[in-house]
Amino acid sequence: MLELFQHILHLDFDWLFANYGGTIYTVLFLVIFIETGLVAMPFLPGDSLLFTAGLFARTGHLSMSYLLILLFIAAVLGDNCNYWIGRKIGVNIFNLKLKGKALVKREYLDKTHEFFEKHGTKAIIMARFVPFVRTFAPFAAGIGEMNYRKFLSFDLLGGALWIGSLTTAGYLLGEVEFIRKHIDLVCLGIIFISVAPIILSALKARSAK
């Protein structure tokens with residue numbers, strides 16, 4: 001275990017993929033599924049994860065075909081899970097608390113409703129590319145009892161576009177020599193960019209209080 005953490009801290013990707021290649025596919029699947037499928041987990045960095053996975057597919061550490069199929073399945077299953085949570089449990093989920101704090105923030109659902117009002121049913125597709133909203137869009141669709149066949153058709157298309165575009169973008173940019181030589185710095189930069197809006201949002205909320 002100590003050896004594992006040492007390689008992680010030193011960003012030794014060759015060693016990590018050589019020893020945990022199969023496990024990494026499982027981790028990627030779970031992160032995408034959890035972000036899209038559990039309404040209480042909207043803060044996971046799905047966009048940056050897809051882009052980074054594409055980069056590693058270009059370097060030969062991961063299989064691009066496996067990634068596209070596996071992550072598409074994770075995204076669709078996650079959204080469908082979230083839809084039925086909204087359909088069966090509904091707004092009662094906002095009554096759930098953890099250590100006295102709401103497990104799910106209603107403000108995120110309110111923002112998602114505004115997104116639906118502005119973009120209509122195509123919001124299911126567009127929401128895929130908006131952090132937080134992509135987690136709450138299927139949940140809101142379930143609460144609103146959107147026709148399941150309509151939801152599924154938009155969801156399949158949105159999932160394919162989201163997974164395909166971001167993973168492919170990472171794969172294509174992996175051709176850039178600077179990125180290949182400094183993939184560790186690029187990965188850190190992507191992670192920073194993905195969490196920056198979350199940090200800024202938290203600081204803004206604290207300032208408002």
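Here are the numbers for the structure shown:
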| quantity | calculated |
| --- | --- |
| Filter result for Thr121 (buried (at least 16 other Cβ atoms within 10 Å of the Cβ), part of a helix (DSSP H, G or I) and free of Cβ contacts under 8 Å to residues at least 60 places away in the same chain) | no |
| Filter pass, Ser65 being of a type in the set (S, T, N, Q) and surrounded by fewer than 17 Cβ atoms within 10 Å (Cβ to Cβ) | yes |
| Check on Ser65, part of a helix (DSSP H, G or I), at pLDDT below 90 and among the hydroxyl-bearing types (Ser, Thr, Tyr) | no |
| Unmet criterion (only one of (1) at pLDDT below 85; (2) over 24 Å from Leu185 (Cα atoms)) for Phe43 | (2) |
| Residue satisfying all of: in region 89-102; in a helix (DSSP H, G or I) and exposed (fewer than 11 other Cβ atoms within 10 Å of the Cβ); modelled with the lowest pLDDT among these | Asn95 |
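Per-residue answers, yes or no, for (1) small (Gly, Ala, Ser); (2) surrounded by 17 or more Cβ atoms within 10 Å (Cβ to Cβ); (3) modelled with pLDDT under 80; (4) touching a helix residue (DSSP H, G or I) at 6+ places or on another chain (Cβ under 8 Å):
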residue: Phe154; (1), (2), (3), (4): no, yes, no, yes
residue: Ile163; (1), (2), (3), (4): no, yes, no, yes
residue: Gly170; (1), (2), (3), (4): yes, yes, no, yes
residue: Leu173; (1), (2), (3), (4): no, no, no, yes
residue: Val176; (1), (2), (3), (4): no, no, no, no
residue: His182; (1), (2), (3), (4): no, no, yes, no
residue: Val186; (1), (2), (3), (4): no, yes, yes, yes
residue: Ile190; (1), (2), (3), (4): no, yes, yes, yes
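The values are calculated or read from the model by the stated rules, or taken from the named source; none is laboratory data. Just so we're clear, the structure is a prediction, and the values are computed from it rather than from any experiment. In this analysis, Cβ positions are derived from the backbone assuming ideal geometry, glycine residues included, and neighbour counts consider all displayed protein chains.
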